[in-house]
Amino acid sequence: MCFLCKNNKIKNKIEIGVIEDKNMNDKDKIAWLQSYYQKHNLPIQEINLIGIRNTADIDKDVINDYLGYWTKDKIFLCLGTTDPSVYYTKNTVDRNKAGTAHLDYGWHEKIWRIGTHKGYEALTNTWDSNPEFCCKPTRFWRDTDFNFIRDSWDIELRDWIGINFHRMHETLIVKVIGKYSAGCQVVQDVKNFRHIIDTFKSTDMYKKQNKVNFNYMMFTIDQMPKDFVA
Ligand SMILES: [Ca+2]
Ligand SMILES: [Ca+2]
């Protein structure tokens, strides 16, 4: 196959999101993301936070989602959860009586900035009286009958309810979501979390204005090309 044809073949595969080549490399992943954002008219920031949701075994409290970021020349993904835990769905004392919050998949414009979650640095959905710095309210649905499934009777809302982006245990790698998410997006390993926060803080946009808001795009695992996540 000629070089040009081969390149066109790869380009087409990226555009239609069905890359079949084994071991999709970081460059391919960034190209796929850039193409996706452009196709859907999503603004690309200096750093772009993403989540990849897998709802399989959600009732088993599994940590099976990916969280991370991409820039024009780097992509970083690690394990975490985009889904709330079994505890905050089934525990009748601690769960929200109105229904457990699930952040919607899809595009979330300017929902987070560097702030404080339970005393440590994280990305927080912060309200601010200055509209320039105020994070937008998060879009989520409430599982009103606590069955983990989005039914027609469950409710869709948009509000500031403290859906943040934070870590699980401060030193240990926990194996289940436990009490770490009632709707928040949560990284399993503190080292990965710290890397993400440090990277956000190293950007020009943060250095210029430390109240800058960041966007978030949550994909579903089914949307991603094969081999996008290991
Ligand atoms: Ca999940
Ligand atoms: Ca439900």
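Numbers for the structure displayed
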read-out	value
The chain, relative contact order [Cα under 8 Å, separation at least 6], %	25
Helix-only [θ]222 nm of the chain, DSSP H runs n ≥ 4, -39500 (n - 2.57) each, per residue, nearest 500	-6000 deg cm²/dmol
Positive-end residue, the chain charge dipole about Cα centroid, Cβ charges, pick of 130, 66, 161	130
Cα-centre dipole for the chain with unit charges at Cβ (Lys and Arg positive, Asp and Glu negative), debye to 20	540
Order of 158, 139, 167, 194 under a 10 Å beta carbon neighbour criterion, fewest first	158, 194, 139, 167
Cleavage-rule hits, GluC sites (Glu not before Pro), the range 85-163, DSSP coil, Cβ neighbours within 10 Å at most 16	132
Simple label model, 7 Å out from Cα along Cβ direction - residue 97 to residue 78, nm	3.8
Farthest toward positive dipole pole in the chain [+1 Lys/Arg, -1 Asp/Glu at C-beta], among 219, 112, 96	112
HN-Hα J in Hz across the range 92-107 - Karplus 6.51, -1.76, 1.60, θ = phi - 60°, x for Gly and Pro	5, 7, 8, 6, 6, 4, 7, x, 6, 7, 10, 4, 5, 6, x, 8
Amide H partners (placed H, <5 Å) of residue 122, local residues excluded	115, 116, 117
Sequence-distant aspartates and glutamates (8 or more away, or on other chains) whose Cα lies within less than 12 Å of residue 118	170
Sites residue 227 and residue 156 - FRET efficiency at Förster radius 35 Å, r taken between beta-carbons, to 0.05	0.60
Residue among 23, 164, 215 with the largest mean-square fluctuation in a Gaussian network model of the chain, springs linking Cα atoms under 10 Å	23
Karplus 3J(HN,Hα) series, Hz, for the range 48-59 with 6.51 cos²θ - 1.76 cosθ + 1.60 (x for Gly, Pro)	10, 7, 9, x, 10, 8, 10, 8, 4, 6, 4, 7
Which of 184, 78 has the fewest Cβ neighbours within 10 Å, and the rest in rising order	78, 184
Interchain or long-range residues, amide H under 5 Å from residue 110's placed H	215, 216
HN-Hα J in Hz across the range 158-167 - Karplus 6.51, -1.76, 1.60, θ = phi - 60°, x for Gly and Pro	9, 6, 9, 10, x, 7, 10, 10, 9, 10
GNM result for the chain, Cα springs below 10 Å: residue of 114, 30, 50 fluctuating most strongly	30
Spatial separation of Cα centroids for the range 111-158 and the range 30-64, in angstrom	17
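Here, each number is a calculation from the coordinates, and none is a lab measurement. Computed from a prediction, not measured in an experiment: that's the story for all the values here. So basically every Cβ, Gly included, is an ideal-geometry build from the backbone, and we count neighbours across all protein chains shown.
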